[in-house]
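What follows is one structure encoded as structure tokens, with my remarks underneath.
Quick note: the coordinates plus some simple rules give every number you see, no bench work behind them. In this text, all values refer to a predicted model and were calculated from it rather than measured experimentally. Don't worry about glycine lacking a Cβ; one is built from the backbone with ideal geometry, like all the others, and counts go over all protein chains shown.
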2 protein chains.
Amino acid sequence: MILLDGKKVSNDIKDEIASQVKTMTSNGEKTPHLAAILVGTDGASMTYVNAKVKACERIGFNSTLIDLPEDTTEAVLLDKIHNLNDDSDIDGFIVQLPLPKHIDEQKVLKAVNPDKDVDGFHPTNVGRMTLDLPCFLPATPYGILELLERYNVETSGKDVVVMGRSHIVGRPMSILMSQKRKAGNATVTVVHSRTENLSHFTQKADIIVAAIGISEFLTGDMVKDGVVIIDVGITRVPDETKARGYRLAGDVDFESVSKKASYITPVPGGVGPMTIAMLLKNTLLARSMHKS
Amino acid sequence: MILLDGKKVSNDIKDEIASQVKTMTSNGEKTPHLAAILVGTDGASMTYVNAKVKACERIGFNSTLIDLPEDTTEAVLLDKIHNLNDDSDIDGFIVQLPLPKHIDEQKVLKAVNPDKDVDGFHPTNVGRMTLDLPCFLPATPYGILELLERYNVETSGKDVVVMGRSHIVGRPMSILMSQKRKAGNATVTVVHSRTENLSHFTQKADIIVAAIGISEFLTGDMVKDGVVIIDVGITRVPDETKARGYRLAGDVDFESVSKKASYITPVPGGVGPMTIAMLLKNTLLARSMHKS
């Protein structure tokens, strides 16, 4: 069993980007600049955004964090977005999700200029992804493709089961792995809450991407020997033996599944770190697009 | 075995639209207006476009056919598209595909105003479809959903195999049937030219949508008893017993598969007529959108 070490690979990617940034700035080119908007004080969201800002610093990007109170109106948020759209120094920006309930998420995502939409959530980018046209790939699926590629996991012709049909992970993942591309050309099945005989699909899968948000749902008896496991889930499970009172668990029961898997991502340290690395890669792409 | 009679259902839909148009015009509202651009003299394309124009006449839509020579430049075509975008009398329009090789298809499709893109081919519409937001659904997949719905074919939780990953049929079909919607909530697998053990997937499928463009590829030994078959293929197969020298064949070997199927679409007279009906339905939707 080989661990798909997202922490290590994402560090490699960050090093590669850092060296590209060095070359750019020594050539007198503009430094890439990523901005993030955070609305409210959700703990997980603050952690994610801070990690993104920190990653920018490490690789030599400029970063801007726009921190808005929980009761920010939709109009004020849209105004901030328009400012970032118009600011030629900003190459790309993200609006950290989820947003407070009084704000229409789709309206907000639609307001982002698709050329600065480094999260790849704007309908135009989603459409371009679906049509296999150049675009900003959503960071989590993009990170999974990169992880599979760097570990030389064969996907062409393989039986891939994607668990979950979310807009952010399951759906794009299933589309991308089915396209003619690196880490693609797979035969992909999307299973979800309405699927009958779920184990019937997982038990014959060569590769499983678990993204349903139910901790330790996929157990050893549901997979075959040699399966490749990508665990996107990350849930806090109460655990009194831990000082902070919880542990982090994925959608996969690591103990039983790892005994049968050929490759498996740990949680944490698997998919999570890759997501940030790919956001940085998208920002670098945005910079090169805006240059021309 | 029950034939999924696309000819009959599409006529029902056209009658429904015709009666809506009557109500609209008797209320003094504007008559819906569909335009089509045809470049060149490809036989099949001419047949399709003429059928669309004829369908408009039958249901009381206004229609405009813009017929351009094979050697039309991309610039001239883009100019025509901009005119239609700006013409407030035109509710929706299509550019008949395929285009001559010297024209960049994606550039052309991108030029169509998404609010008039009744074929649903613009990246923004494709993205909105992928995100399950209101949009113009591509006509062929939309027609298949409608056909399944009108025959009360249960799809929720069913094992659906979509054969083919084209932008126009296979990909959107697989996304739509997997979403939470009528004729949706299925467990969908996309198989294609790189799939290993294809029969392994088709033999256990409850519903198969065949859209690979290889005549009579799917045979009786590849399906299980009671399967529901949607045949999107339509190919001319040389046949000396026919006066015109060919017969029309689907992707499914009707003779052997129909013996095992519970429902099956004939070719012709199955999916084909539904496609035109749904284009008209999209045009009606465009009209109602532009009203407000």
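Data overview
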read-out	value
Sorted largest first, extent of segment A:86-131 alpha carbons per principal axis (Å)	30, 29, 13
Segment B:34-129 - Debye-derived log10 I(q)/I(0), Cα point model, q = 0.12, 0.13, 0.20 Å⁻¹	-0.35, -0.42, -1.02
Mean projection area, nm², convex hull over Cα of the protein assembly as shown	29.7 nm²
Estimated translational D of segment B:139-272 in µm²/s (Stokes, Kirkwood radius over Cα pairs; 20 °C; 1.002 mPa s)	145 µm²/s
In segment B:1-52, trypsin sites (Lys or Arg not before Pro) in a DSSP loop with at most 14 other beta-carbon atoms within 10 Å	B:Lys30
Other-chain or far-sequence residues with amide H under 5 Å of B:Arg247's (modelled H)	B:Val237, B:Asp239
Cβ-derived FRET efficiency at R0 45 Å, A:Ser258 paired with B:Arg247, nearest 0.05	0.20
For B:Lys182, label point 7 Å along C-beta direction: distances to other copies, nm	4.5
Net charge, B:Glu216 excluded, C-beta distance under 12 Å - Lys, Arg +1, Asp, Glu -1	-3
Rounded tilt (10° steps) of A:271-291 against the dominant C-alpha axis of chain A	40 degrees
Ellipticity estimate at 222 nm from DSSP helix runs (n ≥ 4, -39,500 (n - 2.57)) divided over chain A, nearest 500	-12500 deg cm²/dmol
DSSP-loop trypsin sites (Lys or Arg not before Pro) across segment A:76-170, with at most 12 other Cβ within 10 angstrom	A:Lys101
Per residue convex hull volume, Cα atoms of chain A, in Å³	139 Å³
Position A:Asp12, label points 7 Å along Cα→Cβ, spacing to each other copy in nm (shortest first, one decimal)	5.7
Cα-Cα over 19 Å, subset of A:Lys30/A:Lys116; A:Lys158/B:Lys224; A:Lys14/A:Lys180; A:Lys8/A:Lys182; A:Lys107/A:Lys281	A:Lys158/B:Lys224; A:Lys14/A:Lys180; A:Lys8/A:Lys182; A:Lys107/A:Lys281
Phi-based couplings in Hz for segment B:247-255 (Karplus 6.51, -1.76, 1.60; Gly and Pro marked x)	10, 8, 10, x, 7, 10, 6, 4, 4
Two-decimal Rg to Rh for segment B:240-285 - Kirkwood Rh, Cα set	1.13
Segment A:161-235-segment B:221-292 distance, computed between alpha-carbon centres (Å)	31 Å
Calculated label separations, A:Ala51, copies of the chain, 7 Å along the beta-carbon direction, nm	5.2
Amide H partners (placed H, <5 Å) of A:Glu216, local residues excluded	A:Gly250, A:Asp251, A:Val252
Candidate aspartates and glutamates - alpha carbon under 20 Å from A:Lys22, same-chain residues fewer than 8 apart omitted	A:Asp12, A:Glu57, A:Asp89, A:Asp91
